[in-house]
Amino acid sequence: MKPNPVLDVDGVGWQATKDRKFTVKSAYLLQTSFPYGPHDIIWKVIQRFRGLQRIRTFLWLVCRGQVMTNAERDNRDWNLIFGAAIWNIWRHRDAIVFNSSEDYGSIVAQSRHLQEISASALTHTAAGPTTVIPIA
């Protein structure tokens, strides 16, 4: 990472904002930003494709990131484990702050368990009726 000449100091900073300070908004925009603009060449290539419409639609969905690939599945699993870890850290913090005698166990083990439950729920949603699975 190159030093920022505006700050006159070499240090670590968040690249998604001009002042290099982290914000939730910048993280959200970075996570949800679409890599291609409406005038990028990829859309023109897809528009000029001389094949079946269903293939053109498939290419459009692939470029929009809406086709489940192994890479996307891994990314979603990471998002699930990240969210589960943050939740469990919050629960442990509350237990310490409010002097709760409840033992939540390992944050990592609880996060993995919650991630597995979430992933299972996502893959079985279209399969039929929902089954309630206890979290703890």
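The values are calculated or read from the model by the stated rules, or taken from the named source; none is laboratory data. Quick caveat, the model's predicted, so the values are computed rather than measured. All Cβ positions, even for glycine, are placed from backbone atoms using ideal geometry, and neighbour counts span all protein chains on display.
I need the full set of residues from region 29-48 which are out of contact with any Lys or Arg (no Cβ under 9 Å at 6 or more places or on another chain), exposed (fewer than 11 other Cβ atoms within 10 Å of the Cβ) and at pLDDT 80 or above, in order please.
Pass one, region 29-48, residues out of contact with any Lys or Arg (no Cβ under 9 Å at 6 or more places or on another chain): 29-33, 35, 37-45, 48.
With the extra rule that they be exposed (fewer than 11 other Cβ atoms within 10 Å of the Cβ), the set shrinks to 31-33, 35, 37-39, 41, 44, 48.
Within region 29-48, Ile41, Lys44, Arg48 qualify.
Checking each residue of region 55-64 against the condition of being modelled with pLDDT under 80 and within 29 Å of Leu30 (Cα to Cα) gives at least one match.
Residue-wise test of (1) assigned to a loop (DSSP other than H, G, I, E, B); (2) under 28 Å from Ser33 (Cβ atoms); (3) modelled with pLDDT of 75 or more.
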{"site": "Glu72", "(1), (2), (3)": "no, yes, no"}
{"site": "Phe82", "(1), (2), (3)": "no, yes, yes"}
{"site": "Asp94", "(1), (2), (3)": "no, no, yes"}
{"site": "Ser111", "(1), (2), (3)": "no, yes, yes"}
{"site": "Thr131", "(1), (2), (3)": "yes, no, no"}
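Filtering region 80-100 to residues that are closer than 13 Å to Ala119 by Cα and either exposed (fewer than 13 other Cβ atoms within 10 Å of the Cβ) or among the hydrophobic types (A, V, I, L, M, F, W, C) (or both) leaves Leu80, Ile81, Phe82, Ala84.
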